[in-house]
Every structure is written in structure tokens, then in C-alpha cells.
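Notes follow once the structure below has been shown.
Every number here is computed from the coordinates shown, using simple stated rules; none is lab data. No experiment lies behind these values; they were computed from the predicted model shown. Reconstructed Cβ throughout: ideal geometry from the backbone, glycine too, with neighbour counts over all protein chains shown.
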Amino acid sequence: MQDTIDTQASFDVSNTGFYGRFGGAFIPEMLYPNVEELRQNYLSIIGDSSFQAEFWQLLEDYVGRPTPLFLAKRLSAQKGATIYLKREDLCHTGAHKINNTIGQILVAQRLGKKRIVAETGAGQHGVATATVCALMGLECIVYMGSIDMERQKPNVDRMRMLGATVVPAKSGSQTLKDATNEAMRHWINNPVDTHYIIGSVVGPHPYPDMVARFQSVISQEIRQQLLTKTGRENPDYVVACVGGGSNAAGAFYHFLHEPSVRLVAAEAAGMGVTSGHSAATTALGKPGVLHGSRTILMQTEDGQVTEPYSISAGLDYPGIGPLHAHLFDSGRGDFYAITDEEALAAGFNLSKQEGIIPALETSHALASLDKMSLNADDVVVICLSGRGDKDLSTYSKHL
Ligand SMILES: *Cc1c(COP(=O)(O)O)cnc(C)c1O
């Protein structure tokens, strides 16, 4: 890994799906026809004017975009810089994930698919997927580890109320990894009529690029809103939490090739980077293949994926998307590892300072403000990826 910034690096995906030395499509042969159909068609579908019209109309009328860019005055005074919050917590269903599921269901329809399969860990991506399936009248099957189903009962109830079939994954550790395997198997067995909606910028090419494009509405809006409010398009910093990396990819997208904008990513250090209970991928990980792409992941000496841990379900993932692996590797992004305790404190602080209860994932992004050396004239945009209602029981244990 380098510690100098590679100013020549491109952060656009290559036509084989690589960001620098990360990405690609490392998939079993059985999955090839499905992924290849998507790869051959996604750019022309997304580029089509009827797709664009429907996508933007739904973002506006259904999701509630554009989301506000809010000047957080009390937080700014406290941290000694000008801090704006990009309010993805105000999206329908309470987080940024719906930007992607809207885009993918429109792609699925144009590929003639009748059913949607997805995997979910804590249930947030499952809910966002079940929501758009209800909207479009498509059958929805969500695989979820049976242990996760017990831990996240309200989200299971939401998905069922939205008409989805939630299938318990009973193999292995009965969590996200096993749900992913079973959803993949389902897709292999139903290649013709089913589309698989992945929830972050992970998986084989073209998923990371496709998901980043759908989430890039976040940075597109930030630029316009910042220009209106401050007379400049570019902030000094954009800050986001990284689980797989989709809200970060969306918030960074239109700034990737603006070297004056520092890109700051917050990962979950759990109980501490070296505690053995962490999801701080760039701090602990090494290059390898995870879920179909070459990236950085937490693994043992002999290459077994390490079980991650974070207080926030959305950051509890042993890898990061290939774009972020490249941002880290090239020095373009600054990565901070935030502990559970630091995140909780930042979540309580935002609630009291601004009257906004953030998702625990988002609290990691907020906590990284204290690790940055900010100047009084710096303009900082934080991606407020989701609202905190779902995390109330965890917060309340620490009140
Ligand atoms: C799922 C989730 C995340 C993590 O996913 P990314 O793909 O890294 O964005 C972050 N924040 C919230 C609120 C989430 O629901």
C-alpha cells in the first residue's frame, strides 16, 4: 500500500470492471450468463432517455429528492469548521439504499425480469428491495440468516407486510454470508426470469459501477446545492461511513477527480482495531477475492474470511467495495477507524446539537470529524446516510 497520493490514478471503472488493481468479476461459471447479460446491457439501459425520465421522476416523487443540504450551525461552532449535512435520512424508508433499489428494479424490468432476489443482513437492504418490488408489482424473495431474522424481527415484519417472501438461511453461521450464498444459488437456478439486487458497491462487475451510478445522485445534488449556498461547487472534505461503500461512493462520485476535495471514509473499529471484534477493513485487511470481486478484506493467514463485528449492522461487513479499495491503495481517500464508543458519542452529540438522531452507521462518519485536523475556513459535507429510529434500542442502552 502506498502512502503518497497518485495524482494520475483514474477512479473510473475500466471496461473489465477494474478500479486500479481491484474489482473484476470472479464468479462461478454457473453465474456467468446472468452477470454477462447485465454487463452487456446496463449502460445502454441506464443511458436511455425513458429510463432516465422514470428514474428521476421516482427519485423526486417517491423517494423525496432532492434531499436537503443542511448547514449544521451548532455542530459547526463546536467543531470549528463549516459543516453541512446531506440529509439521506429523509429518503423514503429512512436511508440512501432506496436510490439504488429504484435504479435496479427499473433495470430488471427492462431486462424482462419478473422476480427479484436479494440478500439482507440487518434487513435494511431487504426492506428497500421489498419496497420497490411492491411499487412495481414484482415478486420479491429475500434471503436472510435465521439468526439475523431473530435479531431484526421488525425488518422481517416490514418485508412481509410489503409482500416479500423472507427465506431463512440456515447453513453455516446463519448470517449475511450464508444468506448471500443461498441468494446466489437461487439466482443460478432461475437465470431467465430473476434479477439479483445487490445492496452496495460490492459484488462482481458491473454491480459496483451500477450501484455507484445510482447513488451518485447524492454528490450531484451536493454540488448544485453547495454552489447555490456558498458560490462554490467543491467542499474541502466529503465524509461518509463505509460498510460496503454505497453511500460513500454516491457522496464521493462527482468529486473523485477533483483533487482539492479530500474524501474521508469512516470504517467500524468495533471494540478497537486490534480487539478481534472489528470491521476496520483497510486497517486490518489484505487483498483477496470477496463476493465476486478483488478487493481488500479481513482474512486469516490462510485466506479464510474473518468474522466482522460492529455495533452498527450496516457496517458489519468483512470487505469494502473495489472503488474504495482503490481510493485507499492510491492514497486518494483518508480512512479512519471509529470504535463503537466513539460512534455512540457522536450520535448522542448530533442529536443534542442539531435535533437529528442519526443511524449508528452515520454516527461513525460524524465521529471522524474529531480525527481530522480542521481549519476554521474549511467546508465539510457529511453524508447523513440514515435515520436513527432503527437503532434506538442500542442507543438507549448507553443513555
Ligand atoms: C446499509 C447502510 C450503510 C452501509 O452501507 P453502504 O453501502 O456502505 O452505504 C450506511 N448507513 C446506513 C444508514 C445504512 O442503512
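Values as computed for the structure displayed
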quantity: Degrees between helix 49-58 axis and first principal axis of the chain (Cα, 0 to 90, nearest 10); calculated: 60
quantity: In segment 311-399, trypsin sites (Lys or Arg not before Pro) in a DSSP loop with at most 16 other beta-carbon atoms within 10 Å; calculated: Lys371, Lys397
quantity: Unit charges at the beta carbon, dipole of the chain: most positive-side option, His291, Phe348, Asn181; calculated: Phe348
quantity: Exceeding the 20 Å Cα-Cα cut-off - candidates Lys153/Lys390; Lys73/Lys390; Lys97/Lys390; calculated: Lys73/Lys390
quantity: Given charges at beta-carbon only (K, R positive; D, E negative), |dipole| of segment 95-231 in Debye; calculated: 220
quantity: Cα lying deepest toward the dipole's positive end in segment 236-317, options Thr281, Val261, Val238, charges on Cβ; calculated: Val261
quantity: Unpaired by the 4.7 Å Cβ criterion, cysteines found in the chain; calculated: Cys91, Cys241, Cys383
quantity: Using θ = phi - 60° and Karplus 6.51 cos²θ - 1.76 cosθ + 1.60, couplings along segment 100-110 (whole Hz; Gly, Pro as x); calculated: 6, 5, 4, x, 5, 5, 5, 5, 4, 4, 6
quantity: Cα-based Rg / Dmax (Å) for segment 223-298; calculated: 15.4, 46
quantity: P(r) weight above 23 Å for segment 267-399, C-alpha pairs, percent; calculated: 35
quantity: Relative exposure of Ile83, Ile320, judged by other C-beta atoms within 10 Å (fewest first); calculated: Ile83, Ile320
quantity: Nearest-ten-degree value, helix 340-354 long axis tilted from longest Cα axis of the chain; calculated: 70
quantity: Equivalent ellipsoid dimensions for segment 165-239 as semi-axes, Å, which come from the Cα gyration tensor, largest first; calculated: 38, 15, 10
quantity: Over segment 46-108, equivalent-ellipsoid semi-axes from the Cα gyration tensor in Å; calculated: 31, 11, 9
quantity: Assigned charges on the beta-carbon of Lys, Arg, Asp, Glu; the chain dipole about Cα centre (debye); calculated: 660
quantity: Alpha carbon centroid spacing (whole Å) that separates segment 168-228 from segment 256-334; calculated: 17
quantity: For segment 4-139, the Rg and Dmax computed from alpha carbons only, in angstrom; calculated: 18.6, 56
quantity: Filtered trypsin sites (Lys or Arg not before Pro), segment 223-284: DSSP coil and at most 12 other beta carbons within 10 Å; calculated: Arg232
quantity: For q = 0.11 Å⁻¹, Debye-computed log10 I/I(0) when each Cα of the chain counts as one equal scatterer; calculated: -0.73
